[in-house]
Structure formats: structure tokens, C-alpha cells
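I have placed the structure first, in the form of C-alpha cells, so that the comments after it can refer back to it.
Every number here is computed from the coordinates shown, using simple stated rules; none is lab data. The structure presented is a predicted model; accordingly, all values stated were derived computationally and were not measured. Backbone-built Cβ (ideal geometry, glycine too); neighbour counts: all protein chains shown.
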């Protein structure tokens, strides 16, 4: 390589570094800027929750529309007033559930969530707001409840709901709502409710679909009766990976609140257990199917249970109790390249083929210039297209990118099986590209 080429290469690298420094400086200034929003009011200190023998006049006026319903009436409303509900998760499902429970007059609501509010949450987590970004979700939910109904005794638990705290927290409540939508917590909440004898209202929502059922109620099954073994972690998709239409968890969370009210007021029929299925763009939108009843051989609620105390559910499920993105590690380090190294490769003009394996809807959001789009679902059939495109760059190496660096690893493994040995995946995908190379690149 000539001295002139070295100078040109170093000049290109320097220009890229200067651009990166300017972007990081701008982002650093934004993060350090003082907050202009007014300080958040904190609810008045909680007093001990006490039950009452009758409704007072303000409560009668406030809940008059429910008192007029024969299915609720005075006794039903009083039951709500004296009841307590623990909502595990203040996200897309928990948000409407908490708000409606508070609005309808449930006397005590516990909200447990260790996460903080992010702007990307607000598309579906309607209990939070822009002004509370960065705040604990549990505390944000308590603030919202206080603004809606200051008579509701709302307790915020800003901690991880794990096997070390589950029993002591849930023991204080009459009904538990699972609004977390991740596998380890689903088993944890189920086992907690069985060991404590608490009804469990459970729901999930993903993309355009959702489902709802009530476990451990009136002699019905628990979650383990239906799903004794957790699914392989790599087969589980969450909202962060698959997306979700904002209103879908809103509908399911609202239905969770309805089921809680039916349990607390005693109007929920003791019928065969069912699973409610919701599909936003289908007709009919709702379907109800019967599910099997309580299983005598169930490990936690059966006649001879083998689970008599809580366990390590992360180890049991092989996944983390989070609704965030999952990062797989399928390839050795030699078959991967960091975003920073790939950025240098692009800046120096080294010939190669970049293949983007994201779905078309994601590719439309953003892309790196010059990439060949081959969605992962079509990858096996389009390997010949990839090899043909590589011939156009004189059989240079193939680099594969996706959003998080998971599907790209699967694609590299598939190419290995087809005899292609010079393919690598880009670690962390486009999200890592945004974080470590170009903060102006869209993140989603």
C-alpha cells in the first residue's frame, strides 16, 4: 500500500472519529442538561390500611354508577373497598388494570416493578407519562393512582419480584395479578399463589394477540397444570422482539381488572376453567376455549406436590425475568465482529457483502447503506442470491446484521452448513450500532 493510500485511509478514519466525537458530545450535553419539568408531587405518607363496616357518603356518591348495578350493589362495593390486590408488573398489562382497580374502588393496591419508565413504554403503558420518564414504574403508578383516587391505599414496591420476597409480599393481598408476561415470573407468581392459596389472574399480550385466564380459583387448575415444563428460551418472543399494538395489552389488562372485580364481589361463576383468546384483526375478536382442570399429578397443586417452597426460577426456566430483548450467544468469538470493527472496515473501504436479515417492516424503518436485504424467514431459500451477490464483490467476506445480533448468528450457522466459511455476524446488531458507533442512527 502506498504512502498516499495510508494518508487517505488515516484521513477517513480521523473524519469518522471526529463525527463520532461530535455526536457523543451532543448526546452528553443533552443528558447533563437540567430538567425543566416541575418536580413531581409525592402522595401523602401512607397510613395503615383499615377495613370498614359501611360506605361513607363521599364513597356512595363516587361509586354510585356501580352501586346501581344489582351484580355489585352496596355489599359488592364494600367488598371492593375492603379488598387488596397485588399487581406484579406496571407495564402494558398492569397499567390499565391498576387504573381501573383504583377507579372502581379497590381499597388497597400493591404495585411491584423494578423497571423505570422509558419513552418507548408510553405507546402502551398508559399509567405513565413523559414527565415521569426515568422514574421507578412502581412509584410512577402510585402517583397516577393517587391522582385518580386519593382514597386508594397504593403501595409501591420498587424491587425485583423473585423467590426471596414473593411470599412475604403476596401474603398481604387477597388476589394477585400477573401482568409481567415473562416465563420465569409466570412460574414464580403461580407457585406463590398456590402456596399461599391466592387466586391468580393471568394474561399475556404480543403483537396483535392476547390471552387471559384465572388460575388457582374455586378448585381450578394452576399454571403448572397446563404447562408443567417451561418452553426453550430461544422459542419465546416478547414485545421488545416481536412488537405489540398498544391497545392490545390495554384490552387484556382491563379484562384482568374485570376478573379481579368478579372474584372480589363473589359474582365469578364456579364453572369449568376457560382460556379467553383475543385477536385484534380477526373475526371473531374474542374466543373462549375450555382448558383442562386441576391435575392430580401437578408438581405444586397436585395431591402429592413435590414443590413445597419457592425455587430459583431463572435456573428452572433458563431465561431472565425480564420483558426486554434477549441476547443469544451461538457463535465463537472468531465468527463475530464488533460494530466498532465493522465501522472501521466500512470507513476503509474494504470489499465485502453486508446482508440484513430483518423483517421487511424493520428494514423500512432504517438500514445501513449498501446492505442486501434477505429476511431470515426466507434465508434458506435465498442463499443462492447471497452467493451470487458475493461474486459481484469478488468473493469477499460476508457480514450479517439484524436488530439485536440473534438472527444474524442463526444465519451464519446456516451458511456454515452450506459450506460458506467466511461469514460473520455483527455483534449486537443495529441497536449496538446506534449505541457504540452512531447515536444518530434510529433505535427502535
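With both residues required to sit in the chain, DSSP beta bridges show an antiparallel share near 35%. For the pair residue 167 and residue 347, label points projected 7 Å from Cα toward Cβ lie 5.6 nm apart. Using a ≥ b ≥ c from the Cα gyration tensor of segment 140-212 (square roots of the eigenvalues), is it rounded, prolate or oblate, where a/c under 1.5 gives rounded and otherwise the larger of a/b and b/c decides, a/b for prolate? In terms of gyration-tensor shape, oblate. Per residue, the average separation of C-alpha pairs within less than 8 Å and at least 6 apart gives the chain a relative contact order of 13 percent. Neighbour counting of Cβ atoms within 10 Å sorts the residues 422, 335, 174, fewest neighbours leading, into 422, 335, 174. Compared with the direct C-alpha span, the chain from residue 160 to residue 327 gains 58.1 nm at full extension, assuming 0.36 nm per residue.
Return the tail of the calculated pair distribution for segment 57-317, meaning the percent of Cα-Cα pairs more than 36 Å apart.
Beyond 36 Å sits 9 percent of the P(r) for segment 57-317.
Give me the percent relative contact order of segment 285-436, please, defined on Cα pairs under 8 angstrom at least 6 residues apart.
The normalised contact order for segment 285-436 reaches 24 percent.
Projected label points at residue 283 and residue 389, each 7 Å from Cα along the beta carbon direction, are separated by 3.9 nanometres.
Using a Förster distance of 51 angstrom, determine the FRET efficiency expected from the C-beta separation of residue 54 and residue 377, and round it to 0.05.
Details: r = 61 Å, r/R0 = 1.20.
The value I calculate is 0.25.
Using the average count of surrounding beta-carbon atoms within 10 Å as a protection proxy, the listed peptides 104-115, 270-281, 124-135 rank, highest first, as 104-115, 124-135, 270-281. Using the Cβ-Cβ distance between residue 338 and residue 418 with R0 set to 35 Å, the FRET efficiency from 1/(1 + (r/R0)^6) comes to roughly 0.90. Each label point was placed 7 Å from the Cα along the Cα-to-Cβ direction; for residue 365 and residue 237 their separation is 1.4 nm. The percentage of C-alpha pairs in segment 166-257 whose separation is greater than 23 Å is 25%. Between helix 3-32 and the chain there is an angle of about 20 degrees, using the helix long axis and the longest principal axis of the Cα atoms.
Between 0 and 90 degrees, the angle of helix 94-103 with respect to the longest Cα principal axis of the chain falls at about 30 degrees.
Report, in degrees rounded to the nearest 10, the 0 to 90 angle that the Cα long axis of helix 407-417 makes with the longest principal axis of the chain. Taking Cα atoms only, the helix is inclined about 50 degrees.
Going by average Cβ density within 10 Å per residue, which order do the peptides 376-387, 424-435, 346-357 take, highest to lowest? Numbers along the way, then the final one.
Working: 376-387: 14.7, 424-435: 21.9, 346-357: 18.0.
Sorting 376-387, 424-435, 346-357 by mean packing, highest first, produces 424-435, 346-357, 376-387.
The length gained by stretching the chain between residue 65 and residue 114 to full extension, at 0.36 nm per residue less their Cα-Cα distance, is 14.1 nm.
From the list (1) 163; (2) 218; (3) 179, can you say which value of volume of the Cα convex hull per residue in Å³ was derived from the structure given? Structure-derived value, by its label: (3). Semi-axes of the equivalent ellipsoid for segment 327-436, computed as √(5λ) from the eigenvalues of its C-alpha gyration tensor and ordered from largest down, come to 18, 16, 15 Å.
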